[in-house]
Amino acid sequence: MTTRQTEQARAALDAFTIELPSWGFANTGTRFGKFIQSSAATSTEEKLADAGAVHRVTGCCPSVAVHVLWDFPNGAPDVPAVMKCAAQNGVRIGAINPNVFQDQCYKNGSLGNPDLEVRKTALSHILDSIEIQRATGSRDLSLWFADGISYPGTGSIRARRNWFIGGLKTVHAALSGEQRMLVEYKPFEPAFYATDIADWGMSYIYCKYAGQQAKVLVDTGHHYQTQNIEQIVAWLLGENMLGGFHFNDRRYADDDLTLGCMDPYQVFRIFHEICYFTWETSRVPDIAYMVDQSHNLKNKIEETIQTSNNAQELFAKASLVNHEKLAACQMKGELIEAEETLREAFFADVRPLLREWRKSKGLPEDPISAFRESGYLKKAEKDRAERNKSAVSSYA
Ligand code: PSV
Ligand code: MN
């Protein structure tokens, strides 16, 4: 690695922060059952403490995304206590996620529901969430909708689209100053025939209708097999419409695997598009990098550290690409040289560099070992085991 490359990678790591999801620390499972972890967080306070434990050893996870119904069950009055607790744990509140999918009234959707009253209920919850966003000083409102229809003919695709456009415009109108709304897409689940925001194109169109502070959120798990995510990322960057990511990995569907566990080269290619864009335009795109995972098998805190390590490694690798050489090879049609330029960066071993970067920041060189040695997990198990015993372990 040349000195210049090392400097590039260090600068990339300095600027790369990852937001953790509060819901990733609580017991969650699949619809076939949960495997209870006795150390899992049982309250918002414990979720924030766990996020703080991750940030202490990684140094790159300073904020926590929250889900309104799960973390602010009483709404805005909960804000000061939650913010105080975050600060006590060395983190701050990040993206605010409204929840318009779990209440009974949302069976046929939220903003896309044919019933005007339900659409109003959903809208009012989202507007309340913007108040929370204001109170926490969070930049992003992160919107995911479970809306859609599961059987052909059971809903009007066009009417639902129009209701969504109207609803999202109202949401946007309530944003102020620097606030943004991020619109996430997902091709299926829980709707299995036609999801109302099924792909990045639909998300993009809704954002365009909503207004300039609306941007697309790419959840890496929410794509069909073989879909070229980095191409989507490059297009969104080109349109200044990429607002953020939800990090995870997938084999078949959805989003609960460790980032990069299946296809690290894909994550690298996504990061490469971002680094290439930055090099070419001299503009650092304003992207919220967030994790969206909830683990049923691995220990939740350790896995979150693993994800953040993977993200840092792959981002550092992407920063090593020789952009001048790559651009020249692309222009000259030197296919093998161009491809090898990418591969050279991908196969570079950045782990020594990362260890050295951590050391320079006063962080442990091996965050997972440091966490294990801290005794945090043992204490969490002891403190929380009773409460977790009463958790429901399956739906049967
Ligand atoms: C939906 O699958 C999703 O990806 C959305 O981002 C939600 O907010 C999150 O998972 C947690 O349910
Ligand atoms: Mn997501």
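The values are calculated or read from the model by the stated rules, or taken from the named source; none is laboratory data. Because the structure is a prediction, the values reported are computed rather than measured. We place every Cβ from the backbone using ideal geometry, glycine too, and count neighbours over all the protein chains shown. What goes into the accessible areas is simple: the full protein's heavy atoms, side chains included, and nothing from ligands, DNA or RNA. Shrake-Rupley method; radii C 1.70, N 1.55, O 1.52, S 1.80 Å.
Taking the inverse of the mean reciprocal distance over all distinct Cα pairs, the Kirkwood hydrodynamic radius of the chain comes to 21.9 Å. With a 1.4 Å probe rolled over the protein heavy atoms of all chains, the accessible area of Val284, Val267 falls in the order Val284, Val267, largest first. Placing a label point 7 Å from the Cα of Leu116 along the Cα-to-Cβ line, the residues of the stretch 165-181 whose backbone N sits under 20 Å from it are 165-171.
The distance between label points at Glu178 and Glu280 comes to 2.8 nm (points 7 Å beyond Cα on the Cα→Cβ vector).
For the stretch 72-169, what does the alpha-carbon gyration tensor say about shape, rounded, prolate or oblate, given a ≥ b ≥ c as the root eigenvalues, a/c under 1.5 as rounded, and a/b over b/c as prolate?
Since a/c reaches 1.5 and a/b is larger than b/c, the shape of the stretch 72-169 is classed as prolate.
Here the sum of -39500 (n - 2.57) over DSSP H runs of 4 or more residues, divided by the residues of the chain, equals -15500 deg cm²/dmol at 222 nm, to the nearest 500. Close amide H pairs (under 5 Å, H built 1.01 Å from N) link Leu259 with Asp249, residues at least 5 positions away or on another chain. Distances between placed amide hydrogens fall under 5 Å for Lys186 paired with Ile197, Ala198, Asp199, all partners being 5 or more residues away or on another chain. Accessible surface of the chain, 1.4 Å probe: 53 percent of it comes from carbon and sulfur atoms. What FRET efficiency comes out for Arg158 versus Ser124 if R0 is 25 angstrom and r is the Cβ-Cβ distance? Round to the nearest 0.05. Efficiency computed from Cβ-Cβ geometry: 0.50. Of all DSSP beta bridges confined to the chain, the antiparallel ones make up roughly 15%. For the chain, the relative contact order is 20 percent, taking Cα pairs closer than 8 Å that sit 6 or more residues apart in sequence and dividing their mean separation by the residue count. Taken along the Cα-to-beta-carbon direction at a fixed 7 Å, the label points for Asp349 and Phe32 span 3.9 nm. Cross-link pairs exceeding 19 Å between alpha carbons, from the set Lys169/Lys208; Lys84/Lys215; Lys298/Lys378; Lys300/Lys378; Lys300/Lys361; Lys47/Lys300: Lys84/Lys215; Lys300/Lys361. With a/c under 1.5 counting as rounded, go ahead and sort the stretch 276-386 into rounded, prolate or oblate using the C-alpha gyration tensor (a ≥ b ≥ c being the square roots of the eigenvalues; past the cut-off, prolate if a/b is larger than b/c, else oblate). Prolate shape, in that a/c is at least 1.5 and a/b is the bigger ratio. Residue ranges 113-119, 17-23 sort as 17-23, 113-119 when ordered by packing (mean number of other C-beta atoms within 10 Å per residue, highest first).
The label-point distance for Gln231 and Ser390, in a model that sets each label 7 Å from Cα toward Cβ, rounds to 5.3 nm. Ranked by solvent-accessible area (1.4 Å probe, protein heavy atoms only, all chains present), the residues Ile130, Ile157 order from largest to smallest as Ile157, Ile130.
Rounded, prolate or oblate, given the Cα gyration tensor of the stretch 313-376, with a/c below 1.5 counting as rounded? If you can, show how the numbers build up before the last one.
Values: a/c = 5.18, a/b = 3.46, b/c = 1.50.
It is prolate, given that a/c is not under 1.5 and a/b is the larger ratio.
Computed with a 1.4 Å probe over protein heavy atoms only, the accessible surface of the chain comes to 46 Å² per residue. Summarising the amide proton neighbourhood of Ala214: residues at separation of 5 or more, or on other chains, whose placed amide H is nearer than 5 Å comprise Met181. Rounded to the nearest 0.05, the FRET efficiency derived from the C-beta distance between Glu324 and Phe192 at R0 = 41 Å is 0.30. Sorting Tyr151, Tyr209 on solvent-accessible area from highest to lowest, probe radius 1.4 Å, gives Tyr151, Tyr209.
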